[in-house]
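The values are calculated or read from the model by the stated rules, or taken from the named source; none is laboratory data. Only a predicted model underlies this, so the values are computations on that prediction, with no experimental measurement involved. In this analysis, Cβ positions are derived from the backbone assuming ideal geometry, glycine residues included, and neighbour counts consider all displayed protein chains.
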Amino acid sequence: GAKADGRGVWRYFEPAMNRRLQERRLLELDMRRALAEGQFELFYQPIMDVETRRVKTFEALLRWRHPERGLLAPDLFIPVAEEIGLIVELGEWVLRRACADATRWPPGVGLAVNFSPVQFQSRHLVAQIAGALCDTGLSPGRLEIEITENVLIKDKEATLAILQSLKALGVRIAMDDFGTGYSSLSYLQAFPFDKVKIDRSFTCELDQSRKSNAIIKAVASMCDGLDMTVVAEGVETEGQFEALQREGCSEAQGFLFSRPVAADALPALLCALNGAPWTQAAE
Ligand code: C2E
Ligand code: MG
Ligand code: MG
Ligand code: MG
């Protein structure tokens, strides 16, 4: 009967929920310790200029070198960091580390850093970014902030004010994972984006589906009219690269060029991709 079912369900869920809560609490403690003990690392993935096929930007991608679980990808821990508010501190660490790394790259190479919607709720975001640029000496024109639609959904007015302050600093703004959310087109009109990154779910169909080709072509042409740069994410094959070149994308990122690599592998990577020796920036 219903009673027996109810008891059965209760008996089944209670221990499972406790276990989940416990795991979450352990992960939380673990993550705070990881930040204090320097277990987080930045990997970098190149974003290529389609026309010249040279590196334009490196995107910083966070990794956690966990002492027992090995190298962890951000999808495994960023949602928790957001939930417990640690993302603000972690995001500041990312930004400062990335800016410091970028000062050692050739000055023509830009830096892209991902920001979480939770960071946009912090009143100190603009000061945090200005402070990181100032302390590391990275020129603001080399920094690009990547945000997803989720940032824009929260509080449009406040977000717009923050983005405008960032633009005034000389920082560029990119919309990440374009095409996966809801009202992307109105966001493109309302917010001062410099760049649109087309989600890799469209890129991976290029070459095989006329629909994806048509979508990429339309987005590229629309962004051209809006004076925004278009990047295709997740480019894995030469065929996809040729297709997005044809459809008018100006930049491309994906395993075809390189997977994300550790910071100390960048000189060799840049040399391999650009075919020119690494030139150390004057410090
Ligand atoms: P994202 O910003 O859209 O970054 C691109 C993701 O796609 C990266 O995954 C990258 O490794 C992966 N990728 C790049 N090229 C290819 C490809 O050709 N094929 C395939 N299958 N995948 C490709 P990753 O490093 O696991 O990062 C996942 C997401 O985590 C990022 O998506 C970003 O939203 C978030 N993230 C990473 N680092 C940070 C960070 O420092 N702060 C915040 N707030 N979020 C971060
Ligand atoms: Mg990104
Ligand atoms: Mg993306
Ligand atoms: Mg993503």
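Please give the number of the condition Tyr187 fails out of (1) within 21 Å of Glu144 (Cα to Cα); (2) hydroxyl-bearing (Ser, Thr, Tyr); (3) surrounded by 16 or more Cβ atoms within 10 Å (Cβ to Cβ); (4) within 13 Å of ligand 3 (Cβ to nearest atom). Only one criterion is unmet by Tyr187, namely (4). Residues that are of a type in the set (A, V, I, L, M) and modelled with pLDDT under 95 within region 61-76 comprise just one, Leu76. When the residues of region 175-231 are filtered to those that are under 16 Å from the mean Cα position of the chain (by Cα) and part of a helix (DSSP H, G or I), the one that is nearest to ligand 4 (Cβ to nearest atom) is Arg200. In the set (1) among the hydroxyl-bearing types (Ser, Thr, Tyr); (2) surrounded by fewer than 14 Cβ atoms within 10 Å (Cβ to Cβ); (3) modelled with pLDDT of 95 or more, the condition left unmet by Tyr182 is number (3). Within region 202-219, the set of residues being farther than 15 Å from Asp177 by Cβ and surrounded by fewer than 21 Cβ atoms within 10 Å (Cβ to Cβ) comprises Glu205, Asp207, Gln208, Ser209, Arg210, Lys211, Asn213, Ala214, Lys217, Ala218. Going by the conditions given, is Gly141 free of Cβ contacts under 8 Å to residues at least 60 places away in the same chain and either within 16 Å of ligand 3 (Cβ to nearest atom) or farther than 18 Å from Glu59 by Cα (or both)? Criteria not met by Gly141. Here Arg142 passes the criteria (1) surrounded by fewer than 21 Cβ atoms within 10 Å (Cβ to Cβ); (2) among the charged types (D, E, K, R); (3) in contact with a helix residue (DSSP H, G or I) (Cβ under 9 Å, 6 or more places away or on another chain) except the one numbered (1). Output yes when any residue across region 77-85 is part of a helix (DSSP H, G or I), modelled with pLDDT under 95, within 25 Å of Leu163 (Cβ to Cβ) and within 16 Å of ligand 3 (Cβ to nearest atom), and no when none is. Scanning region 77-85 turns up at least one residue that is part of a helix (DSSP H, G or I), modelled with pLDDT under 95, within 25 Å of Leu163 (Cβ to Cβ) and within 16 Å of ligand 3 (Cβ to nearest atom).
For (1) closer than 21 Å to Arg142 by Cα; (2) of a type outside the set (Asp, Glu); (3) without any contact (Cβ under 8 Å) to a residue 24 or more places away in the chain, each residue gets a yes or a no:
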{"residue": "Phe202", "(1), (2), (3)": "no, yes, no"}
{"residue": "Glu205", "(1), (2), (3)": "no, no, yes"}
{"residue": "Gln208", "(1), (2), (3)": "no, yes, yes"}
{"residue": "Ala218", "(1), (2), (3)": "no, yes, yes"}
{"residue": "Gln240", "(1), (2), (3)": "no, yes, no"}
{"residue": "Ala262", "(1), (2), (3)": "yes, yes, no"}
{"residue": "Leu270", "(1), (2), (3)": "yes, yes, no"}
{"residue": "Leu273", "(1), (2), (3)": "yes, yes, no"}
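Going by the conditions given, is Ala174 under 22 Å from Gln121 (Cα atoms), at pLDDT 90 or above and surrounded by fewer than 14 Cβ atoms within 10 Å (Cβ to Cβ)? No.
Residue-wise test of (1) assigned to a loop (DSSP other than H, G, I, E, B); (2) at pLDDT 95 or above; (3) not aliphatic (A, V, I, L, M).
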| site | (1), (2), (3) |
| --- | --- |
| Gly6 | no, no, yes |
| Leu26 | no, no, no |
| Phe43 | no, yes, yes |
| Met48 | no, yes, no |
| Glu59 | no, yes, yes |
| Trp93 | no, yes, yes |
